[in-house]
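Asks: Below you will find the structure I want to go over with you.
The values are calculated or read from the model by the stated rules, or taken from the named source; none is laboratory data. The structure presented is a predicted model; accordingly, all values stated were derived computationally and were not measured. Here Cβ is always computed from backbone atoms with ideal geometry, including for glycine, and neighbour counts include all displayed protein chains.
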Amino acid sequence: MIDWETIAAGPCYPVVVGNLNYVGTCISQLVQEILNITKIPQEKAFHVIGFSMGAHVAAYVANNLRPYKLSRITGLDPALPLFITSDTDRKLDQSDAHFVDVLHTDALVEGKAERCGHIDFYMNGGMEQPGCWNGNLIESFRCNHHRAPAYFAESITSKIGFWGWSCKGFFHYITKRCPPKKPDTLMGEYCNSSSKGYYIIHTAAKHPYAIGTNYTILNNSKILVSRSNSSNFTQELITYSSNKIIEQLKNNSYFPEFSVSD
C-alpha cells in the first residue's frame, strides 16, 4: 500500500491532480528496484490496484516504467474531474498493462463513465449503488464511489463471486436491451485476463454484496439514475422521454460507449 496522503490533501483538487506524476514516478522507481533485485518474470510480476485518483497514478507508474509493462492494473472507479479529456498518458487506459480491469460505481459524478480497460464492469449500471441513497446527496455520491474498493475487496474471499454479463453499452442497458445472458464473467481479483468488453454486474444493497449468478433485470428503462429526489437536475432528468434520452446520447462527444446502435 502506498501512502501519499501528504500531497493528496484537499481542498485544492487541481494541485493534487498535478502531483500524480510525482507519485507515479516514485512508485515506478520502487518497482524497478524490486525487478532488479528479484528478477521476477514479467508475466507474474506486479498487479497495481488504484482507487479514484489512484487509478490514474497507476497510469503514471506504467508511463515511467516503459518499455517494461506491468502485468495487471485494476482501476477502482477512476476519478472523473480533470480526466475527462486528458490524453492517454495522463489517465488510465488499456495500454498501461497487459491486462487492465476497471470497476465503475459513481459514473458522471466522482468516477468516469468511459471505458478505461480491456474489461470494464459497470456495477449496478455504474452510476447508483443500492443502499447508498440516504437523503443526503453528497454522502450518497461518496457511498457510490467508495463501493468500488468494497466490492473488489470482497471479491478476494467471496465464495459465490460477482458475475456479470456482456452488454453493448450504457444506452442498451438503460433501455433494457441488455438482459442477463450467458456466458457470464467473474469480476474482481480472480477475473480471467482473457476477458474483454463492457459488463454489467448487479449486487446486494449491503455486505456481503456478491450475489453470484442470481442477478435480475432492474427496472431502469426510463431513467439514467435513481436519484429521483436528490436534486432539481435529476428530477428534470427523469422526466425526459425515451426520445430525449436517445438524442442526448447521440450528441454526447465525451463518452464514445454511449453511441446508439442496434
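Asks: Any idea which of Asp87, Asp96 is under 22 Å from Ala59 (Cα atoms), buried (at least 17 other Cβ atoms within 10 Å of the Cβ) and of a type in the set (Asp, Glu)?
Replies: Working: Asp87 fails: buried (at least 17 other Cβ atoms within 10 Å of the Cβ).
Exactly one residue qualifies, and that residue is Asp96.
Asks: For segment 77-107, name all the residues that are among the small types (Gly, Ala, Ser) and under 17 Å from His118 (Cα atoms).
Replies: First pass over segment 77-107, keeping only residues among the small types (Gly, Ala, Ser): 79, 86, 95, 97, 107.
Of everything in segment 77-107, those that are among the small types (Gly, Ala, Ser) and under 17 Å from His118 (Cα atoms) turn out to be Ser95, Ala97.
Asks: Are any residues in segment 80-106 without any contact (Cβ under 8 Å) to a residue 60 or more places away in the chain, touching a Gly at 6+ places or on another chain (Cβ under 7 Å) and not in a loop (DSSP other than H, G, I, E, B), and if so, which ones?
Replies: Listed by number, the residues that qualify are Gln94, Val100, Val102, His104.
Asks: Here is a follow-up. Across segment 45-70, what is the number of residues that are touching a helix residue (DSSP H, G or I) at 6+ places or on another chain (Cβ under 8 Å), small (Gly, Ala, Ser) and modelled with pLDDT of 95 or more? Give the derivation first.
Replies: Step one: filter segment 45-70 for residues touching a helix residue (DSSP H, G or I) at 6+ places or on another chain (Cβ under 8 Å), giving 45-46, 48-53, 56-65, 68-70.
From the residues that got through so far, the ones that are small (Gly, Ala, Ser) too are 45, 50, 52, 58-59, 62.
Among the residues that remain, those that are also modelled with pLDDT of 95 or more are: 50, 52, 58-59, 62.
Total meeting the criteria: 5.
Asks: Say we look at segment 5-24 and pick out the residues that are at pLDDT 90 or above and surrounded by 15 or more Cβ atoms within 10 Å (Cβ to Cβ); which of these is nearest to Ser71 (Cα to Cα)?
Replies: Gly24
Asks: Going through segment 1-60 one residue at a time, which ones are of a type outside the set (A, V, I, L, M) and under 23 Å from Ala113 (Cβ atoms)?
Replies: The initial filter retains those residues of segment 1-60 that are of a type outside the set (A, V, I, L, M), namely 3-6, 10-14, 18-19, 21-22, 24-26, 28-29, 32-33, 36, 38-39, 41-44, 46-47, 50-52, 54, 56, 60.
The answer is Tyr13, Pro14, Gly50, Phe51, Ser52, Gly54, His56, Tyr60.
Asks: Which numbered condition in (1) in contact (Cβ under 8 Å) with a residue 40 or more places away in the chain; (2) part of a loop (DSSP other than H, G, I, E, B) is the only one that Ile40 fails?
Replies: Every listed condition holds for Ile40 apart from (1).
Asks: Restricted to segment 133-151, and to residues that are surrounded by 19 or more Cβ atoms within 10 Å (Cβ to Cβ), farther than 13 Å from His207 by Cβ and out of contact with any His (no Cβ under 8 Å at 6 or more places or on another chain), which residue is modelled with the lowest pLDDT?
Replies: Trp133
Asks: May I pose another question? Of all residues in segment 133-148, which are closer than 24 Å to Asp120 by Cβ and over 19 Å from the mean Cα position of the chain (by Cα)? Show your work before the answer.
Replies: Residues of segment 133-148 closer than 24 Å to Asp120 by Cβ: 133, 140-148.
Trp133 - this is the single residue of segment 133-148 that is closer than 24 Å to Asp120 by Cβ and over 19 Å from the mean Cα position of the chain (by Cα).
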